[in-house]
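The values are calculated or read from the model by the stated rules, or taken from the named source; none is laboratory data. None of these values were measured; they are calculated from a predicted model. We place every Cβ from the backbone using ideal geometry, glycine too, and count neighbours over all the protein chains shown. Heavy atoms of the whole protein, side chains included, go into the accessibility calculation; ligands, DNA and RNA do not. Shrake-Rupley method; radii C 1.70, N 1.55, O 1.52, S 1.80 Å.
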Amino acid sequence: MAYDPDFGEWVREHFSALGPLEIRRMFGGAAVYANGLIFALLDDGVIWLKADEGNAPLLADAGARQFTYPTKGGAVMAMAYWSLPESALDDPDEAADWARKSVEAALRKVAAKKPRKSKAKL
């Protein structure tokens, strides 16, 4: 993964309809946060949007591609991130719509997590 800070600034501007975003370096790339939730990754000039069963089919239908990487054993692993559809690269309103769907996917993931049991005894 590679992250270019200028690309990060372009992403902030392109997704400005979402409000303030935080971008943090991560594994050579960067993670994009809205309201404390990661909804996208940035790598080599590509915006990878978080997806689940709710928005992954929509992204696929729009021509997005799923983030994959090769393992040391030669297998290909797929992650729950899809590229921003090409049509949204020149359309900030469309990009913001896709980003909102990814924020919703991140919220669903958080809501699905079971609360941790406290180890402290009262």
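Would you mind telling me the share, in percent, of accessible area of the chain contributed by carbon and sulfur at probe 1.4 angstrom? Intermediate values should be presented prior to the final figure.
Details: 4260 of 7850 Å².
That share works out to 54 percent.
Tell me the GluC sites (Glu not before Pro) within region 1-98 that lie in a loop according to DSSP and have at most 14 other beta-carbon atoms within 10 Å. Walk me through the intermediate numbers first.
Values: sites: Glu9, Glu13, Glu22, Glu53, Glu86, Glu94; in loops: Glu53.
In loop regions of region 1-98 (DSSP not H, G, I, E or B), the sparsely surrounded GluC sites (Glu not before Pro) are Glu53.
Mind listing the phi-derived Karplus ³J(HN,Hα) values for region 80-95, rounded to whole Hz, using 6.51, -1.76 and 1.60 with θ = phi - 60°, and x for any glycine or proline?
Coupling constants for region 80-95: 7, 9, 10, 5, 5, x, 3, 4, 8, 5, 9, 9, x, 5, 5, 4 Hz.
Can you work out ³J(HN,Hα) from phi for every residue in region 65-78, in order, using Karplus 6.51 cos²θ - 1.76 cosθ + 1.60 and θ = phi - 60°, giving whole Hz and x for Gly and Pro?
With the stated coefficients, region 65-78 comes to 10, 7, 5, 10, 8, x, 8, 4, x, x, 6, 10, 9, 10 Hz.
May I ask for the angle, rounded to the nearest 10°, between helix 5-14 and the longest principal axis of the chain, with both axes built from Cα atoms and the value confined to 0 to 90°?
90
Within the chain, how many lysine pairs that are 8 or more places apart, or on different chains, have C-alpha atoms less than 24 Å apart?
So the count works out to 10.
So what is the accessible area of the chain per residue, in Å², with the probe set to 1.4 Å?
Numbers: 7850 Å² over 122 residues.
Per-residue value: 64 Å².
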